[in-house]
Amino acid sequence: MSNRRHNIAFWAGVAVFLVAVLAMTQIVRNEYPFFAGYVILQFIALAVAWSILGGYAGYVNFGTNAFFGVGVYTAVALFKATGAPLVVQIAAAAVVGMLLGFAVGLLTLRMRGIFFSIATIAVAIIIETFVMNWRFVGGAAGIQLQRPAVMAPFDSYVKMLFFVQAILVVIAVAVARYIQNSRIGRGLQALRDDELAAECTGVPTLKLKLVACMISGALISAAGAPAAMYLQYADPSSAFNLSYSVSALAMSLIGGTAHWIGPVLGAILLGSTQQLLSVTISSEVNVLVLGIMLVLFVVGAPKGIIGLLRPRYRLRAGGKP
Amino acid sequence: MFSMDLLLGAVVLGVLLGCFYAAVSVGLSISFGLLDVPHVAHPAFLVLASYGVYQLNETYDIDPLLAGLAITPLFFLFGLLAYRVYYETFEKRGTDAGVRGIAFFFGIAFIIEVLIILQFGVDQRSVTATYIGKAWRFGEYRIPIRQLVAFAVALALTILLAVYLSKTFMGRAIRAVAQDEEALRLMGANPVRIKQFAFGIATAVLGIAGALLIIVAPVEPTLDRAYIGRTFCVVVMAGLGSISGTLIAAIILGVAESIVLTLFGASWAPAISFAMLLVVLAVRPQGLFGR
Amino acid sequence: MTPTAAPGAPLLQITTLTKSFGGFTALDNISVDIRKGERFGLIGPNGSGKTTLINCISGALLPQIGSVVFCGEDITQLPPHLRARRGIARSFQIPRPFKSMTVLENLMVGLDFAAVGSALPEEDMAMSILTRMGLAAKAGAPSDTLSQVELRKMELARAMAVRPKLLISDEAMAGLSSSEVDEVLDLLISLGEEDITIIMIEHIMQAVMRFSERVMCLDAGRIIALGAPDEVMANKRVQEAYLGT
């Protein structure tokens with residue numbers, strides 16, 4: 001069956017990717033590529049995670065920064081309180097992100113369109129305000145973190161984080177791919193096109209949106225969790241920076257949300273451009289480029305890069321029959 | 001600690017602040033409330049107007065209010081242009097307008113923010129005028145005159161706009177297009193032209209509102225983010241498109257912010273409008289004065 | 001077909017249903033039973049409450065007073081998707097296709113989520129419904145490229161994919177040419193012959209007369225006539241309502 005062949009090809013690709021990443025951490029001496037690569041991987045994870053709710057379901061989440069920041073601070077709080085290892089920090093962040101997704105979803109997913117989007121910004125600001133007033137994790141001033149010793153086979157913490165983020169990317173992509181090819185994906189696509197018609201055709205829209213919001217939230221928080229150790233520092237205004245929201249949204253929409261590969265392409269393209277620009281010009285210019293690209297694409301190429309590559313690319317193309 | 005006097009002072013300042021919030025929100029009440037355009041970039045245009053006023057005030061020493069008035073035609077044109085692009089790319093084609101329309105304005109907001117940063121840097125900017133820096137005292141109360149000026153102009157602006165929308169021919173046409181586009185088309189009017197004009201007006205008002213913003217306090221490029229909460233809170237609480245509701249909702253927000261600021265301190269203030277917005281959306285999405 | 005005496009037990013029982021929006025009463029104390037297998041016509045001038053009534057049946061709106069009982073179960077408060085799973089399907093007055101999907105995929109949604117225990121594989125099922133509706137050639141076409149009559153048929157086909165016991169057709173013939181009206185009407189009648197109960201809202205009177213076993217006429221949210229088609233048409237109040245006061 002072609003379905004099975006697709007699966008084998010996909011997981012073989014994943015294995016090659018992870019082996020390559022691992023080999024790179026063992027061979028390349030210089031730490032810089034890992035610093036930059038980590039950021040690109042993080043953007044891939046964020047964009048793919050965002051597209052589960054924003055792309056498949058069509059609910060534009062401006063609150064990526066809320067989930068990201070919650071991931072960062074779950075890791076920070078846990079690390080400060082118990083010194084828990086990185087894996088535990090990430091798992092805890094995913095759980096908290098999922099719970100937050102559930103709460104946010106219950107509160108906001110009955111709202112349509114722009115109301116939902118504005119509500120997600122509101123959630124982000126409110127959580128950020130609480131963290132700013134939370135002394136234990138340093139309040140508005142932020143908190144310094146001392147990285148623990150690195151684990152074998154890695155010889156530097158950044159290389160390890162790079163590998164960990166690569167695994168998070170794989171998880172995000174695998175989950176997005178699963179949803180896309182399952183009944184859930186079809187239901188989300190239906191409610192995205194027309195929520196009332198979907199309901200009347202038997203789609204449990206609220207439940208599906210909640211599931212999408214929880215999964216998306218868990219993945220975003222998980223992708224954010226290692227950021228504390230990456231920067232060795234966390235403060236509310238960077239952890240809850242709205243630029244995570246623009247990036248995730250822009251990379252997804254620019255890549256195209258009809259297929260999981262879209263956000264991956266968008267994030268690789270824009271993420272690497274950003275890395276180049278912020279080294280060569282300035283970090284403001286890369287936000288400008290992101291904004292302009294976003295506007296150009298939503299106006300001129302509604303289906304994103306994958307729409308340009310393959311006109312009429314369909315959500316279920318290449319998926320389960 | 002808590003005292004009646006302190007509370008009274010907070011309420012008075014809150015009312016002044018509230019009228020100012022009405023002036024910065026009233027444009028959104030037209031563009032989003034009446035025309036149903038997901039105008040997330042409204043606060044970014046507001047901050048842009050403040051920087052325009054700053055530039056005129058800085059180079060030609062023009063009074064900020066006059067400077068605000070001077071840039072209204074330019075903002076009117078911005079409004080026409082923004083609506084035209086939005087209409088041609090999203091409204092007209094209809095498909096998938098939701099997601100992309102929102103992303104479009106979100107992108108515009110970010111572009112404006114970054115352009116301001118590139119031009120003016122991230123530092124705070126303020127204007128000079130004779131009424132800035134002085135205060136009125138009554139007994140132990142102290143009310144800055146800049147607040148009073150902003151209050152008076154804001155109130156006048158909001159009332160003027162309310163009158164415009166209810167009494168003039170064009171104003172009524174704008175309200176009509178919001179309610180029943182088809183009926184207007186049958187009467188031989190072009191609804192798109194009317195909406196475009198309305199969007200122009202909504203944006204032009206930001207010239208004055210931007211002047212008030214920089215008169216009340218110094219501005220910085222990312223100030224629009226806080227005003228996303230405030231302006232949408234006011235417009236949604238008012239009930240979409242209700243101008244008189246806008247004034248009342250804005251005063252409620254102003255008083256709430258002012259009281260929280262007095263009791264709990266400044267670090268909680270930014271969350272107030274967003275929290276109120278969430279509560280209104282969750283509990284009474286049609287707004288306090290909506291149907 | 002005998003016009004008045006449709007056989008069978010009630011499939012749908014509507015009791016004292018009342019729905020108002022603010023001060024405007026859209027439905028005022030509506031009670032009616034619809035029998036199993038019945039072909040039921042629903043008429044009335046614009047704004048008389050027809051669409052509100054079917055919104056209350058399909059779950060898009062919740063009434064303030066009264067109840068909707070389907071197959072003996074009170075479904076008044078149930079969300080639309082659970083009603084779809086119990087066998088209530090509808091088309092919309094203005095077609096609402098899933099625009100980003102092909103015609104076949106549109107049907108797959110209903111088969112995936114609402115149809116339970118079908119014998120055939122989903123795709124074959126969808127194709128057989130499309131063949132019935134005369135849309136088989138369009139199965140792979142994106143739904144936003146369909147013509148008006150094809151869209152109407154696709155809406156009915158998508159409703160059929162839910163495997164309904166009750167199908168509600170909301171002006172499925174509006175805006176069609178007279179030959180297309182006949183085409184859609186024949187489809188609906190043939191569906192009615194296989195044990196599907198059908199409520200048809202329609203403005204085209206010949207279609208209503210030809211289709212319905214019973215007709216109900218609403219005006220200003222109230223039932224002003226209910227009975228055999230020719231009786232209802234002969235009713236003075238119905239004529240007044242249509243000719244305008």
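The table for this structure:
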item: Percent RCO, i.e. relative contact order, over chain B, from Cα pairs under 8 Å lying at least 6 residues apart; result: 38 percent
item: Average partner coverage of A:101-114, which counts Cβ from other chains inside 10 Å; result: 3
item: Normalised contact order of chain A, rounded percent, pairs of Cα under 8 Å and 6 or more residues apart; result: 31 percent
item: DSSP-defined beta bridges in segment C:10-243 - what % are antiparallel, rounded to 5; result: 55 percent
item: Packing-based order for C:25-31, C:188-194, using average beta carbon neighbours within 10 Å, highest first; result: C:25-31, C:188-194
item: Most to least packed among C:54-61, B:21-28 [average Cβ atoms within 10 Å]; result: B:21-28, C:54-61
item: Semi-axes of the equivalent ellipsoid for segment B:88-134, Cα gyration tensor, largest first, Å; result: 37, 14, 8
item: Inter-chain Cβ neighbour average for residues B:257-270, partner chain, 10 Å; result: 1
item: Segment B:20-148 - Rg and Dmax from Cα coordinates, angstrom; result: 17.8, 62
item: Cα-only Debye scattering, segment B:1-44: base-10 log of I(q)/I(0) at q = 0.22, 0.29 Å⁻¹; result: -0.72, -0.94
item: Cα-based Rg and Dmax for segment A:2-241, where Dmax is the largest Cα-Cα distance (Å); result: 18.6, 59
item: Residue mean of other protein chain beta carbons inside 10 Å, A:290-298; result: 6
item: Dimensionless Rg over Rh [segment C:1-131; C-alpha; Kirkwood]; result: 1.00
item: With 5 Å bins from 0: P(r) over chain B, alpha-carbon pairs, percent; result: 1, 6, 11, 17, 19, 17, 13, 8, 4, 2, 1, 0, 0
item: Beta bridges per DSSP with both ends in the protein assembly as shown, % antiparallel, nearest 5; result: 65 percent
item: Two-site label geometry, B:Asp5 and B:Tyr141: point separation in nm, points 7 Å out along Cα→Cβ; result: 1.3 nm
item: Helix-derived mean residue ellipticity, 222 nm - over chain B, DSSP H n ≥ 4, -39500 (n - 2.57), to 500; result: -24500 deg cm²/dmol
item: C:Thr102 long-range amide H proximity, modeled H, under 5 Å; result: C:Ser143
item: Cα-Cα pairs of the protein assembly as shown separated by more than 48 Å (percent); result: 29 percent
item: Over segment B:190-291: Rg over Rh, Cα atoms, Kirkwood Rh; result: 1.01
item: Mean separation of Cα contacts under 8 Å (6+ apart) over length of segment C:10-243, as relative contact order %; result: 27 percent
item: Whichever aspartates and glutamates have a C-alpha closer than 18 Å to that of C:Lys36, once near sequence neighbours (fewer than 8 apart) are set aside; result: C:Glu73, C:Asp74, C:Glu193, C:Glu194, C:Asp195, C:Glu213
item: Translational D in µm²/s for segment B:110-152 (Stokes-Einstein at 20 °C, 1.002 mPa s, Kirkwood Rh from C-alpha pairs); result: 166 µm²/s
item: Average projected area [Cα convex hull, segment C:10-243], square nanometres; result: 12.3 nm²
item: Distant alpha-carbon pairs in segment B:1-91 (separation over 17 angstrom), percent; result: 63 percent
item: Over 26 Å (Cα to Cα) - which of A:Lys207/C:Lys153; A:Lys303/B:Lys92; B:Lys167/B:Lys195; B:Lys195/C:Lys50 fall in this group; result: A:Lys207/C:Lys153; B:Lys195/C:Lys50
item: Size of segment B:70-228 as Cα extents on the principal axes (Å, biggest first); result: 61, 40, 26
item: With eigenvalues of the C-alpha gyration tensor scaled by 5 and rooted, segment A:179-250, Å; result: 33, 12, 9
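Where a number appears in this text, it was derived from the coordinates with a stated rule and is not lab data. Keep in mind the model is a prediction, meaning the values are calculated, not measured. Please note: Cβ atoms are built from the backbone with ideal geometry, for glycine as well, and neighbour counts cover all protein chains shown.
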